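Here's the structure, in structure tokens; my notes come after.
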Amino acid sequence: MAAKSAPEMAQEFAQAALSATPVIILGSGASAAHGVPGMGGLALQLSAIKPPTNWTADERSEWGKFVAQLAAGNDLESALQAVRPTERQTQFIATETRAVLLPHDLRVLQTLVADRRALPLSRLYRHLFDSTHKTVHVVTPNYDRLAEYAADAVDVSTFTGFNYGYLQSRARDSNTRVFVNRQVTRTVAVWKVHGSLDWFQDSAGQIIGVRGMPQVPAGYSPLMITPGIDKYRLTHGEPFRTILGCSDAALENARAYFCVGYGFNDEHLQTKLIERCDRDSVPLVVITKELTTSARTFLGGGRCRRYLAIEEGTMGARAYMHDVPNGFDVDQPIWRLDRFLNEMTGVSA
């Protein structure tokens, strides 16, 4: 029997990972594919914003340093870590970030209303639920709601740590689910470790979720952790502490991982994933337009024992495996989720 080619081994590996109902890790690249700005686009928008006239001289100075960092070519996170914004400035950045992202998020929803097949993530959910599993876990640092929209498009429930409805309070039980005829419905649990466009907090600390709210409610601020020096401090408060615990539990119990557009630049999100790829040889599949330096360092560092990573290539895609670390070309652009699913499931959209 002839030895299997590298593309054949990659296909078998990916199909096995999908059959294990992997935890899905969505990075900014997954949303960028549908027009939602990533950190680069967000940085450009923020650098063009004029600061409020009621800021102090010190605040204006810090903002000027931040803009200068961006102008020097630093990425958004590095620029925000190089300055010390006040709490008022941190809230301002979160509010402006929401204002930049929300129109793009809603545009995706409008597209999905016209065509429920517009998001390949919906097809991935449908494929994973073609089993006895009742819950699919998604872990994401993204603020947008594409993960939830994709679930709605295939008539499955979502749970984000908040109770159901338009005006949402935090759920007391992370296993809160919808039941039909005494049977739990299929649910996508979306663990949004940095917050969401529809989460808000008032000055007294009350936390709410409001679906379909175009403006920030009066007296509230967006509940979104933006890059910068306060990022890790803020994750110790609620709801982030609970959500990170749920995210860690999902990653700890996963039988496989499937990363879409994720750059491996978030240490407190990926720690469990890295530990289990090393300790338990949990299979990892990564698809993205371009592998980041952090991703290459992790995959090439020996701690991930079983992996398949795919990025854009001259022939369509370039793939790397634990057995073929130097990589090989693939004649289809399977770094894109829709084309990846076509090849690995044998079913087109």
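If packing is taken as the average count of other Cβ atoms within 10 Å, what order do 144-150, 185-191 fall into, highest mean first? Walk me through the numbers before you get to the answer.
On the way: 144-150: 24.4, 185-191: 22.1.
Result, highest mean Cβ count within 10 Å first: 144-150, 185-191.
Nearest 10 degrees, 0 to 90: what angle lies between the long axis of helix 240-253 and the longest principal axis of the chain (Cα atoms)? Its long axis makes an angle of about 10 degrees. Considering only V113, G35, T140, the residue lying farthest towards the positive end of the dipole of the range 1-158 is V113, judged by Cα position with unit charges set on Cβ.
When shorter helices are ignored and each DSSP H run of at least 4 residues is given -39500 (n - 2.57), the per-residue value for the chain at 222 nm works out to -12500 deg cm²/dmol. Per-residue Karplus couplings for the range 138-150, computed as 6.51 cos²θ - 1.76 cosθ + 1.60 with θ equal to phi - 60°, are listed in order as 10, 10, 8, x, 6, 8, 5, 10, 4, 4, 6, 4, 4 Hz, Gly and Pro entered as x. If you take all C-alpha pairs in the chain, what percent of them are over 40 Å apart? So the portion of pairs separated by more than 40 Å is 13 percent. Cysteine residues of the chain whose C-beta has no other cysteine C-beta under 4.7 angstrom: C246, C259.
Taking the inverse of the mean reciprocal distance over all distinct Cα pairs, the Kirkwood hydrodynamic radius of the range 13-75 comes to 14.9 Å.
Computed from Cα atoms, the angle from the helix 267-279 axis to the main principal axis of the chain rounds to 20 degrees. The Cβ shell under 12 Å around Q332 holds other residues with a net charge of -2, Lys and Arg each +1, Asp and Glu each -1. Put simply, the amide H of C259, placed in the peptide plane, has neighbours under 5 Å in I25, V285, V286, I287, leaving out anything fewer than 5 places away on its chain.
Counting only lysines at least 8 places from K192 when in the same chain, those with an alpha carbon closer than 24 Å to its own are K134, K231, K272, K289. Here the alpha carbons of the range 139-242 define both size measures, Rg and Dmax, at 14.1, 48 Å.
Note down the net charge around A30, summing +1 for each Lys or Arg and -1 for each Asp or Glu among other residues with Cβ under 11 Å from its Cβ. Could you put the intermediate results ahead of the total?
Working: positive: K289, R336; negative: D144.
Taking every Cβ under 11 Å from that of A30, the sum is +1.
Each value in this text was obtained by applying a stated rule to the coordinates, not by laboratory testing. Remember, predicted model here, so these are calculated numbers, not experimental data. Neighbour counts are summed over all protein chains in view; Cβ atoms, including those assigned to glycine, are modelled from backbone coordinates with ideal geometry.
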